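Engineer: Pasting a structure here, questions to come.
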Amino acid sequence: MKEIVSKTLTRQEFRFISIVAVLVSVVSIWFIVGSFSEELGLAPSLGGPSSSTRVVGQVGVGEIPIGEPSGGSLIWSYSNGPAKPVSMGNNGERVFSSHVFDSDLLFSSSDPNNPPNSITNTAGCNPCWSSAVASAKNADVHAIIDPIQVSPGLSIPQIRKFSSASSTPEWIYDFSQVGIFNGPSIIDIEISDDGNRIVAYYQSGSSTRFITFSPNANNGNPVIIDDVFVSTFGSNPTSEDYFSLSGDGKTAIYLTSFYVYIIDLTNGNKMYEYPYYSYEGFYYGASAISFDGSRAAYGTFVNGAPAKVTILDKQGGGNTYAPVETITLPTTDTRMDSLDISDNGFTLVGGYHIPEGLFGVSSWNIENIPGGVIPLMNYERNGGGYNNRAIKIKLSSDSSRFAVGLWGEKSGQIPQVQVFPINQNNPTFTYKTDGSVEGLGFSSDGKKLVVSSDNCHLNHGTDPCGSFQGIDLFQIN
C-alpha cells in the first residue's frame with residue numbers, strides 16, 4: 001500500500017503558487033482574445049495611441065472607444081468649440097471651415113502643431129448655424145456663404161472668399177447689393193475643381209438664384225461671371241447632397257423636396273426637370289454629377305420599397321438629359337442619403353439608411369450603361385436605435401476608395417467615419433466621433449481625410465449639441 005503523506009504549505013509556497021496561477025490565467029485570456037476575438041464577437045482593438053487633444057470619453061459594454069482611429073493616424077485635431085461645415089482643397093493641402101461663434105478657419109493639412117494654427121483670422125457671423133463652405137479640389141480657393149443678421153428677424157446672405165495669401169477675405173459679396181433683403185430659406189456654395197468658378201445659390205419661394213463668381217477681385221470688388229434665376233418648386237429634401245456642381249463649374253443638379261433639376265449655369269436653361277415625388281416619394285434625396293456634366297445621378301426614397309438611383313446622360317444636342325439606367329438598392333424601406341460620382345462618370349457610390357439603426361453603402365461600375373451596371377460592393381450594418389444616416393460620402397479621384405460619414409446609432413458599436421476600397425465589403429479605416437458627422441473632406445489621392453462632428457446625435461439631441469464639436473484630420477493607410 002502506497003503511503004499518502006499530508007503536508008501543510010508554507011506561506012512562501014502558497015504565495016508562489018498563487019502568483020503562477022494568476023500569470024497563467026492572464027496569458028490564457030490574452031491568447032484567446034488575440035486569436036478568437038472575431039469569432040467571440042468581442043469589440044475590436046482600434047490602433048495605437050492618438051495625439052488628439054480630444055478627451056476620450058467613457059464607453060459602455062461593446063462600444064468602440066472614441067478618438068482612436070483604425071487603419072490610419074491622426075494628423076491634428078481642432079476642438080475650440082463648434083465648427084460645423086468643413087472642406088478640403090488645393091490637392092489635399094488645405095482644410096477650410098467656419099467656427100460658429102468665432103471666425104472663418106483655413107488650415108494647412110501639413111501643420112505640425114496640434115491643434116493647428118489658422119492661416120486666416122476674420123470674424124464670421126455670430127452666431128451662425130447655417131453656413132456652407134467649399135474648396136477648389138486643385139487650387140487654393142475657398143469660400144463660405146452664411147446669413148448675416150442685420151436686424152432682428154432679418155438676415156442677408158454673405159459670401160467671403162479666401163486663399164492662403166491673406167489672413168482676411170480677399171473679397172466679400174452681400175446679396176443686398178442687388179436688392180435681396182429678406183432672409184434666405186436655402187443657401188449653399190460650391191467651387192469648380194480649378195477654382196475659376198465659385199457658384200453660390202439662394203432659394204427663396206419659387207425662385208432659385210445661381211451666381212457664379214471669379215476667384216479674382218476687381219479693385220477689391222467681386223466679379224460676377226454668370227447670374228441666373230430659375231423657377232423651382234419645393235423646399236430642400238432632408239439631405240445635404242441636394243446640390244452638386246460639375247467639376248468644370250458649368251452645370252448643377254439640384255433637388256427640391258418635389259423636383260429634380262439639371263441647370264446650365266451659364267444661361268439658366270433647365271436641361272432636365274422631373275417631379276420625382278409623384279412616383280418615388282420625397283424629403284430624402286441625393287445627387288451627383290461628373291466633371292464635364294455629361295452624366296448625373298440622383299437617389300430617392302420610395303415608401304416601403306428599396307430606394308432607387310436614377311442615372312441620366314446628356315443627349316446629343318447638349319441641351320437636354322434623359323434617364324438611361326435605374327439602380328434599385330438591395331434592402332427594402334431604404335432612404336437615400338448621399339451620392340458621389342467619378343470625374344469620368346464611370347464609378348458611382350451611394351450611402352443610405354433605414355430608420356432606427358441600419359446603414360449601408362454601395363458602389364457600382366456604370367461605364368457601359370444602359371444595361372451594363374456592375375455592382376462592386378455592398379455593405380450593411382444594423383446597430384439598433386436612432387437614424388444612422390450616411391449623410392456624407394466622398395470618392396477619391398482615382399476611384400480606388402471612398403469615405404462615408406454617419407450620424408451614428410444608439411448602441412455605439414458602429415464608427416461614424418469609415419473608408420472602403422471601391423470593391424471590398426469591409427472598411428479599412430474607421431473612427432468613432434463624439435456624435436453625428438457634419439462635414440467630410442477627402443483629398444484627391446484618398447490619403448487624407450478631414451471630419452467635422454457634433455458631440456451628440458442630431459436626431460436625439462439639440463442643435464447646437466452643446467459646447468463641444470471639432471475637426472479631425474487623418475492620414476489614411
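Coordinate-derived values only; no laboratory data. Owing to the predicted nature of the structure, the values given are computational and were not obtained by experimental measurement. All Cβ positions, even for glycine, are placed from backbone atoms using ideal geometry, and neighbour counts span all protein chains on display.
Engineer: Relative contact order for the stretch 390-430 using alpha-carbon pairs under 8 Å, separation at least 6, rounded to a whole percent? Walk me through the numbers on the way to the answer.
Structural biologist: Working: 69 pairs, mean separation 12.5, N = 41.
It comes to 30 percent, rounded to a whole number.
Engineer: In a Debye calculation with equal point scatterers on the alpha-carbon sites of the stretch 70-476 and no solvent, what is log10 I(q)/I(0) at q = 0.08, 0.09, 0.10, 0.13 Å⁻¹?
Structural biologist: Computed log10 I(q)/I(0) values: -0.38, -0.48, -0.61, -1.09.
Engineer: Here is a follow-up. Kindly rank 217-225, 440-448 from highest to lowest mean number of other beta carbons found within 10 Å of each residue.
Structural biologist: Values: 217-225: 12.4, 440-448: 21.2.
Highest-to-lowest ranking by the protection proxy: 440-448, 217-225.
Engineer: What percentage of all Cα-Cα pairs in the stretch 371-410 are separated by more than 14 Å? Write out the running numbers ahead of the final one.
Structural biologist: Working: 473 of 780 pairs.
The share of Cα pairs beyond 14 Å in the stretch 371-410 comes to 61 percent.
Engineer: While we're here: Let me see the pair-distance distribution of the stretch 225-374: every alpha carbon pair, 10 Å bin width, integer percents in order.
Structural biologist: 12, 44, 35, 8, 1
Engineer: If you take the beta carbon distance between S110 and N216 as r and set R0 to 35 Å, what does 1/(1 + (r/R0)^6) give as a FRET efficiency, to the nearest 0.05? Numbers along the way, then the final one.
Structural biologist: On the way: r = 26 Å, r/R0 = 0.74.
After rounding, the FRET efficiency stands at 0.85.
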